[in-house]
Amino acid sequence: MFNRPDFRSLAGRIGLAVALAAGLPALAAAQSVTIVREVDSNNYDPHKSTARAASEVLFMMGDTLVALDPDMKTIAPGLAESWEVSEDGKTYTFHLRDDVKFCDGKPMTAEDVVYSFTRWQDPETKSPVAWRAGPLEEVVAVDDHTVEYRMSAPYSELLYQLSQSFATIIDKDNVEALGEDFGVTGFNGTGPFCWGEWTPRNKMVLTRHDDYVWGPSFYETTGPASVEEIVWQIVPEENTRTVAVLTGQSQITQYVPYIALEQLRAAPNAEVVQSDAAFWTYFFGFKIDKPTVNDAAVRQAINLAVNQEAMAEDLFFGEVQPAYSYVSQDALDWNHAIDGELLKYDPEKAAQILDEAGWTVGADGIREKDGVKLQPLAYVFAGSTWQKISEYVQAELRKVGIDLQLQPFDATIAWGKLATQEFDVFGMSFPYISSGDALNLYFRSENMPTPNRMNWDDQETDDLLEAGLTATDEAVRAESYGEVLKKVHEAAVWLPLYHEPMTIAQSSELKTVTPHNLYGCGLYKGLGIAYKE
Amino acid sequence: MIAQIVNRLVLSIPVLFGVLLLGFMLLQLVPGDPATVLAGPMAPPEVLEEIRKQMGLDQPLLVQFWAYLERMAAGDMGRSLISNKTVTSELVSAIGPTVELMVACLVWSIPLGIGMGTVAAVKRGSLLDRAIMAVSVGGVSLPIFFICLLAIQFLGVYWPIFPFIGRGGPIWTADGFMHIVLPAVSLGLIFIGPVARMTRSSVLEVLKLDHVRTARAKGLSERTVILRHGLRNALIPVVTLVGLQAGYLLGGAVVTETIFSWPGIGRLAVGAILSSDFPVAQGTILVLALAFIAINLIVDILYALLDPRVQT
């Protein structure tokens, strides 16, 4: 393959490389942080991706008008120093900071905010997340540093939604210059880090934005960031990710398997931090108009038959919180009045309810009623997590005579399949910032068939959700959402499984980070990432 | 010789056409929808319909296939549905690292394998022979992912000498070299076994032949006999094997690249197929097929060089 001279020069070069490698410790990497994660995003255009992987990077490359505190409840100033809400709750006036610059040095003005939100809403953009902006009528630049956000109706979620990566302020010139390649070959943002280089499915390199000083106040430093470079490296293998943190090839990640957490905690050079103010819930939902699961008794029995506590302990090593509620009981606007009524593990009662409802155990151990076997069909995502969960639930239900049929699909296909009416039960997990966020997404009748895959069609719920959404008074909002929570819990339209806390594994070379959980992005702006002195 | 190469190239054309057809059909059978991938899961049906029309997915299959061939003939492989980068640019950036990995793997494992096999043949029946064969059988039998994980465990974790995530840069830089060691070692380990075993039996075969006895009778040194008269002839089946195994190696590279997050073509193929990125998947299938054709061609040429009889 090689003729001789070539081979020799190659050997010479290898020898040189060895010498270099031995002589040079990893000096160059001193101010760089490598974050390993499982999957990449399809692009980094805030209006065109719903992937968590996109948000993780967008939070670092861009800023939003308001920021969300790690407690997931308090809104903090971001690009907007302050804001006022009109009497009728329909107009928000944001006062922007006057010292904000994009990565290319251009100052950010009200025009950019107007452009960003207009593009977000423009039907041409075909944004799948446009609904998050609320009933927006228009965004107006009053002067260079004042923006009015005018809506047709009050929208109490607005500030929370504006803190998400979808509301990132982008640069018009940059978007127009790049066209289709915006968020693919470049991105000009105002965040603590700037676009370096992206090789899809391999890594995303971000460099420090040196002028950045306008970070949210809940960070120790409001900028510039402590580290010079952040590399988001895709490592599909979960064991590799774990040892990468243990051996210092990666300094921080939120994607390590639960089984490895004990080991990471015990390791002298690693640290594990967790936050329960983290809202990501796994559940099974029932299509309440399909045979078998249209019987409330069946849905209740399913809720009673599954031991979430044992699942959290056995499958997830006690690292997750067993769930009995559809949103975390710590979330904004959770209704504490129903705390005592949540359905908890009681298999005998489950059997009793089914008996009373006329579902009798057949010869094969499966219950049936009027010749219909109790065999609901469930669509779930393929992959180790859902395989574990769904097989566990299947086994639990089998004990009370329910024969759950499982049909797993790869994530790329699953979304399409889940938009049909072919199944009785579906498995899903979702991030949310408050009760209202979750309820408005899943329980509005206009959201059928997705994301309201339960076909929960109830006028009263719609009215209450509308009341909560447009409430200008916090108490009214909490009460409306509380009512909806009570209704859907009583109807047992879901089987909640567990609330996943935000878990971050980090090298002890770094200062301990505070996990954030907006859209499941544990590192948020990345301003908390810093090497110890 | 040249006629032979031309002949082979002409023969490759129907093969290539078959690959294009197969790649096209396979992705028709995959239960994903390119329009859904492009539009995102939350897109309303009318947007989806429009995108489908734009992509020509509402046309009959034959029309789509013809359009696909036309695009390919014009050198336009389309754009990735996921990253919107051109497929050509994605392929170009992935081929380099894979070629680098292949070279880094072959450059040490083939000479070592041939060396081990020759030594084993010469010292037939000795303890050394048995040891070499034991290692070879191990190399043949262990699955590549297991070797990769062992390599990470020992050289990455117990003795953290080599990094095992990603590519540090071109191979001639210090960082690049350190990063390629573990993947190249893991991939090479599955290669040594078959090469050593084949070399051993082939050398044993050749050493029995008349011309070797003649060479010995002429009073040539044992070294010259084995290297010049034995090994050269013994290499013919080994070259075939290396050719065949290089194809197998591309398969192993898919696993190796995934485990070591190596940004090569194998990982690109897996990623594209898993994320229903059809243009990229078709592109990678085409490139892998071309690689097979090229490797076979090289094997044929080497054959002719090693054994003049093949040329006729």
Worksheet item: Name the pairs: first residue in segment B:172-188 and within 12 Å of chain A (Cβ to nearest Cβ), second residue basic (Lys, Arg) and in a helix (DSSP H, G or I), Cβ to Cβ under 8 Å, at least 6 apart or on different chains?
Response: B:TRP172/A:ARG13
Fill in: Test for A:VAL213: is it open to solvent by 20 Å² or more (accessible area, probe 1.4 Å), within 14 Å of chain B (Cβ to nearest Cβ) and outside any strand (DSSP E or B)
no
Response to the item:
Considering segment A:315-338, residues that are free of Cβ contacts under 8 Å to residues at least 12 places away in the same chain and farther than 20 Å from A:PHE430 by Cβ, and then whichever is most open to solvent (accessible area, probe 1.4 Å), we arrive at A:HIS336
Discussion item. Can you go through A:VAL184, A:VAL129, A:VAL140 and tell me which one is away from chain B (no Cβ under 14 Å) and either under 19 Å from A:THR93 (Cα atoms) or touching a helix residue (DSSP H, G or I) at 6+ places or on another chain (Cβ under 8 Å) (or both)?
Written reply: A:VAL140
Item to complete: Look at segment A:240-270 and say how many of its residues are farther than 25 Å from A:MET311 by Cα and either under 24 Å from the mean Cα position of the chain (by Cα) or hydrophobic (A, V, I, L, M, F, W, C) (or both).
Response: 10
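Taking segment A:148-168 only, how many residues are farther than 18 Å from A:TYR519 by Cα and either part of a loop (DSSP other than H, G, I, E, B) or without any contact (Cβ under 8 Å) to a residue 60 or more places away in the chain (or both)?
Restricting attention to segment A:148-168, the residues satisfying the condition of being farther than 18 Å from A:TYR519 by Cα are A:148-156.
Next, only the ones that are either part of a loop (DSSP other than H, G, I, E, B) or without any contact (Cβ under 8 Å) to a residue 60 or more places away in the chain (or both) stay: A:148-149, A:152-156.
Total meeting the criteria: 7.
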Practice prompt. With the condition kept exactly as written, say whether any residue in segment B:265-285 is in contact with a strand residue (DSSP E or B) (Cβ under 7 Å, 6 or more places away or on another chain), assigned to a helix (DSSP H, G or I) and either touching a residue at least 12 places away in the same chain (Cβ under 8 Å) or of a type in the set (Asp, Glu) (or both).
Written response: yes
Discussion item. I'm trying to understand the selection: among the residues of segment A:239-290, which are open to solvent by 20 Å² or more (accessible area, probe 1.4 Å), part of a helix (DSSP H, G or I) and within 11 Å of chain B (Cβ to nearest Cβ)?
Written reply: A:ASN239, A:VAL243, A:LEU246
Fill in: Answer residue from segment B:140-152, given it is at pLDDT 85 or above and farther than 24 Å from A:GLU38 by Cα and is surrounded by the most Cβ atoms within 10 Å (Cβ to Cβ) among those
B:LEU142
Worksheet, complete the sentence: Given the conditions (1) over 30 Å from B:PHE145 (Cα atoms); (2) in contact (Cβ under 8 Å) with a residue 24 or more places away in the chain; (3) surrounded by fewer than 22 Cβ atoms within 10 Å (Cβ to Cβ), every one holds for A:PRO236 apart from (1)
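Matching residues to (1) over 30 Å from A:GLY365 (Cα atoms); (2) of a type in the set (Phe, Trp, Tyr); (3) open to solvent by 10 Å² or more (accessible area, probe 1.4 Å); (4) free of Cβ contacts under 8 Å to residues at least 40 places away in the same chain:
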site	(1), (2), (3), (4)
A:PRO449	yes, no, yes, yes
A:ASP463	yes, no, yes, yes
A:GLU466	yes, no, yes, yes
A:ASP473	yes, no, yes, yes
A:GLU490	no, no, yes, no
A:PRO496	no, no, no, no
A:ALA505	yes, no, no, no
Worksheet item: Hey, does segment B:241-249 have a residue that's under 16 Å from B:CYS105 (Cα atoms), touching a residue at least 12 places away in the same chain (Cβ under 8 Å) and more than 12 Å from the chain's Cα centre (by Cα)?
Response: yes
Discussion item. Take the conditions outside the structural domain of A:ASP424 (by the TED database), open to solvent by 40 Å² or more (accessible area, probe 1.4 Å) and within 21 Å of the chain's Cα centre (by Cα) and apply them to A:THR514. Does it pass?
Written reply: yes
Item to complete: Give segment A:112-128 a look and list any residue that's over 13 Å from A:GLU138 (Cα atoms) and either among the acidic types (Asp, Glu) or free of Cβ contacts under 8 Å to residues at least 40 places away in the same chain (or both), or say none.
Response: A:ASP112, A:PRO123, A:GLU124
Worksheet item: Restricting to segment A:200-239, what's the tally of residues that are on the phi > 0 side of the Ramachandran plot and either at pLDDT 90 or above or under 21 Å from the mean Cα position of the chain (by Cα) (or both)?
Response: 1
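Could you tell me which of the residues B:GLY188, B:GLY115, B:GLY96 is among the small types (Gly, Ala, Ser) and under 16 Å from B:ILE259 (Cα atoms)?
Going through B:GLY188, B:GLY115, B:GLY96 in turn, the sole match is B:GLY188.
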Worksheet item: Among the listed residues B:VAL47, B:VAL107, which satisfies the condition of being facing chain A (nearest Cβ under 9 Å), at pLDDT below 85 and assigned to a helix (DSSP H, G or I)?
Response: B:VAL47
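Every residue, every condition in (1) crowded, with 17+ Cβ neighbours inside 10 Å; (2) farther than 21 Å from B:VAL254 by Cβ; (3) modelled with pLDDT under 85, yes or no:
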{"site": "B:ARG79", "(1), (2), (3)": "yes, yes, yes"}
{"site": "B:ILE82", "(1), (2), (3)": "yes, no, yes"}
{"site": "B:MET102", "(1), (2), (3)": "yes, no, no"}
{"site": "B:VAL122", "(1), (2), (3)": "yes, yes, no"}
{"site": "B:LEU127", "(1), (2), (3)": "no, yes, no"}
{"site": "B:ILE132", "(1), (2), (3)": "yes, yes, no"}
{"site": "B:GLY138", "(1), (2), (3)": "no, yes, no"}
{"site": "B:PHE154", "(1), (2), (3)": "no, yes, no"}
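Any idea which residue in segment B:53-83 is farthest from the other protein chains (Cβ to nearest Cβ), counting only those that are in a helix (DSSP H, G or I), of a type in the set (A, V, I, L, M, F, W, C) and touching a residue at least 24 places away in the same chain (Cβ under 8 Å)? Spell out the reasoning first.
Of the residues in segment B:53-83, the ones in a helix (DSSP H, G or I) are B:53-54, B:61-73.
Subsequent filtering for residues that are of a type in the set (A, V, I, L, M, F, W, C) retains B:61-63, B:65-67, B:69, B:72-73.
Checking the rest, the ones that are also touching a residue at least 24 places away in the same chain (Cβ under 8 Å) come to B:61, B:65, B:69, B:72.
On the way: B:LEU61: 20, B:PHE65: 23, B:LEU69: 25, B:MET72: 21 Å.
That would be B:LEU69.
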Fill in: So A:ASP71, is it farther than 30 Å from A:GLU237 by Cβ, assigned by the TED database to the domain that holds A:GLY186 and at pLDDT 85 or above
yes
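Which of the following residues is of a type outside the set (S, T, N, Q), assigned to a helix (DSSP H, G or I), at negative phi and away from chain A (no Cβ under 14 Å): B:ALA234, B:ALA151?
Working: B:ALA151 fails: away from chain A (no Cβ under 14 Å).
Result of the check over B:ALA234, B:ALA151: B:ALA234.
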Response to the item:
Reported set for segment B:84-94 where residues are assigned to a helix (DSSP H, G or I) and either crowded, with 18+ Cβ neighbours inside 10 Å or in contact with a helix residue (DSSP H, G or I) (Cβ under 6 Å, 6 or more places away or on another chain) (or both) is B:VAL87, B:GLU90, B:LEU91, B:ALA94
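Does segment B:267-287 include one or more residues that are open to solvent by 40 Å² or more (accessible area, probe 1.4 Å) and away from chain A (no Cβ under 12 Å)? Walk me through how you get there before you give the answer.
The initial filter retains those residues of segment B:267-287 that are open to solvent by 40 Å² or more (accessible area, probe 1.4 Å), namely B:270, B:273-274, B:285.
Adding the requirement that they be away from chain A (no Cβ under 12 Å) leaves B:285.
Checked segment B:267-287: at least one residue is open to solvent by 40 Å² or more (accessible area, probe 1.4 Å) and away from chain A (no Cβ under 12 Å).
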Item to complete: Note down all Cβ pairs under 7 Å where the first residue falls in segment A:72-92 and is under 16 Å from A:GLY223 (Cβ atoms), the second is of a type in the set (Asp, Glu) and open to solvent by 30 Å² or more (accessible area, probe 1.4 Å), and they're at least six residues apart or on different chains.
Response: A:ALA76/A:ASP69
Discussion item. Restricting to segment A:31-55, name every residue that is assigned to a helix (DSSP H, G or I) and within 12 Å of chain B (Cβ to nearest Cβ).
Written reply: A:ALA53, A:ALA54
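Can you find even one residue in segment B:256-265 that is of a type in the set (Phe, Trp, Tyr) and closer than 20 Å to A:PRO200 by Cα?
Of the residues in segment B:256-265, the ones of a type in the set (Phe, Trp, Tyr) are B:260, B:262.
Those left that are additionally closer than 20 Å to A:PRO200 by Cα: B:260, B:262.
Among the residues of segment B:256-265, at least one is of a type in the set (Phe, Trp, Tyr) and closer than 20 Å to A:PRO200 by Cα, which makes the answer yes.
The values are calculated or read from the model by the stated rules, or taken from the named source; none is laboratory data. Quick caveat: nothing in here was measured; it's all calculated off a predicted structure. Glycine also receives a Cβ, built like all others from the backbone with ideal geometry; neighbour counts cover every protein chain displayed. Accessible surface areas use protein heavy atoms only, side chains included; no ligands, DNA or RNA. Shrake-Rupley method; radii C 1.70, N 1.55, O 1.52, S 1.80 Å.
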